[in-house]
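Novice: Mind looking over this structure? Questions follow.
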Amino acid sequence: MNKEENIVKFLKTKYKKKISLDTKIFLVLDIDSLEFVKLVRKFEILLKKKYKPSTNQEILNLSLKKFLIYFK
């Protein structure tokens, strides 16, 4: 399994929702800011990359695939 598939599997088991790489993750999960920080930290650990966001993006409308681009 590649890292993206591991993240999808993690999200499916944790949140019990149907999630794919094209899912608009923050609209489906409906998480608060603290949970977002925990989620980003978990992604950093799974991907072994740091989160470097773009400030001009609307984060709520991003798919999981586009969101994972911000981990460099």
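Novice: Determine if the stretch 17-36 includes at least one residue that is in contact (Cβ under 8 Å) with a residue 40 or more places away in the chain, aliphatic (A, V, I, L, M), part of a helix (DSSP H, G or I) and out of contact with any Leu (no Cβ under 8 Å at 6 or more places or on another chain).
Specialist: no
Novice: Do we have any residue at all in the stretch 39-50 that's farther than 22 Å from residue 2 by Cα and either over 11 Å from the mean Cα position of the chain (by Cα) or in a helix (DSSP H, G or I) (or both)?
Specialist: no
Novice: For residues that are open to solvent by 90 Å² or more (accessible area, probe 1.4 Å) and modelled with pLDDT of 85 or more, scanning just the stretch 46-65, find the one that is nearest to residue 11 (Cα to Cα).
Specialist: Filtering the stretch 46-65 for residues that are open to solvent by 90 Å² or more (accessible area, probe 1.4 Å) and modelled with pLDDT of 85 or more, the one nearest to residue 11 (Cα to Cα) comes out as 65.
The values are calculated or read from the model by the stated rules, or taken from the named source; none is laboratory data. This is a predicted model, so every value here is computed, not measured. Quick reminder, even Gly has a Cβ in these numbers, built from the backbone with ideal geometry, and neighbours come from all protein chains shown. Note: accessible area is taken over every heavy atom of the protein model, side chains too, but ligands, DNA and RNA are not part of it. Shrake-Rupley method; radii C 1.70, N 1.55, O 1.52, S 1.80 Å.
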